[in-house]
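These notes concern the structure reproduced below.
The values are calculated or read from the model by the stated rules, or taken from the named source; none is laboratory data. This structure is a prediction, so every number in the text was calculated from the model and none was measured. Each accessible area value is taken on the protein alone, full model and side chains, heavy atoms only, with ligands, DNA and RNA left out. Shrake-Rupley method; radii C 1.70, N 1.55, O 1.52, S 1.80 Å.
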Amino acid sequence: MAIKSFTLRGQDFQCFDAGSGDRVLLFVHGFPLDHHQWQPQLDHFVHSYRVIAPDLRGLGHSFITGDDVTVTMEQHADDLVAILDHLQVVSPVIYIGLSMGGYVAWQMVRKYPQRLAALVQAHTRIATDTPAQAVARHNLAAQTLSEQSSRAVLETMLPRLVPSSAPTAVVDAIMTMAQTASPAGLAANLRGLALRPDATTILPTIRLPVLAISGDLDAISPPQEMQDWADQIPDSRFISLPNVGHLSPLEDFQAFNQCLAEFLRDSLGR
Ligand code: MLT
């Protein structure tokens, strides 16, 4: 079975784990999504790699309860290391993060660089929220809890995640993922997003091959902003895909998979 369930660090996790081999691709999703965000990549790369894609604490089927919880990016990174240990992954992984999954990657680089062989950062940012953005996230968390629904999260985020031209199947997938998480889990992650630290000082210290993938229509992590931080990493390349917003792995999975395959071939020799 590709889907595994286990309890670690006091938390129930659900995690996709399939394929085989010594090279592991670790896919880490964004907010308010879950591992299904990577379905086209899991389907494609499972034939050549072991592919692991957890639902982060509080999202997808990794449920939490409790209305006053905050899940930080550092906590997610600690969870990921516990998950890799549990799955007996000892060699460094190729980490592929999207947006919030990318915020978590900065904490992996800071705390656990020995667990990483290469880094793919899709549609992500290096800066913190502005005070106004942080307040908006806390308000959204409070509304989500009072309504006991993902409605407000979807209403706020959907127009920013994908352009209005996005295929219905992509919009439906986003809605299903957001509706799977509990309101408590959405709120806990919103609070954690608002607290995330600025990671700019990490950039010049990164000693890994890095691929940064943006989208020309990305309203959350615009291409110029991504190129600016990617340029500060010694061994990095940057690409912005045309006609996609914040979710190229779903919106144009063929282009995304091709970029990822080329990066793996060039940086890892396969
Ligand atoms: C995500 O896709 O993970 C979120 O858009 C991140 C954010 O809101 O900053």
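Numerical summary
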read-out: Fraction of accessible area attributable to carbon and sulfur, the chain (%, probe 1.4 Å); value: 52 percent
read-out: With eigenvalues of the C-alpha gyration tensor scaled by 5 and rooted, the chain, Å; value: 25, 21, 19
read-out: Whether segment 147-231 is rounded, prolate or oblate, judged on the alpha carbon gyration tensor where a/c under 1.5 counts as rounded; value: oblate
read-out: For segment 142-270, accessible area per residue (1.4 Å probe, heavy atoms of protein chains only), Å²; value: 44 Å²
read-out: Part-to-part distance (alpha-carbon centres) for segment 152-201 and segment 213-263, which is given in Å; value: 18 Å
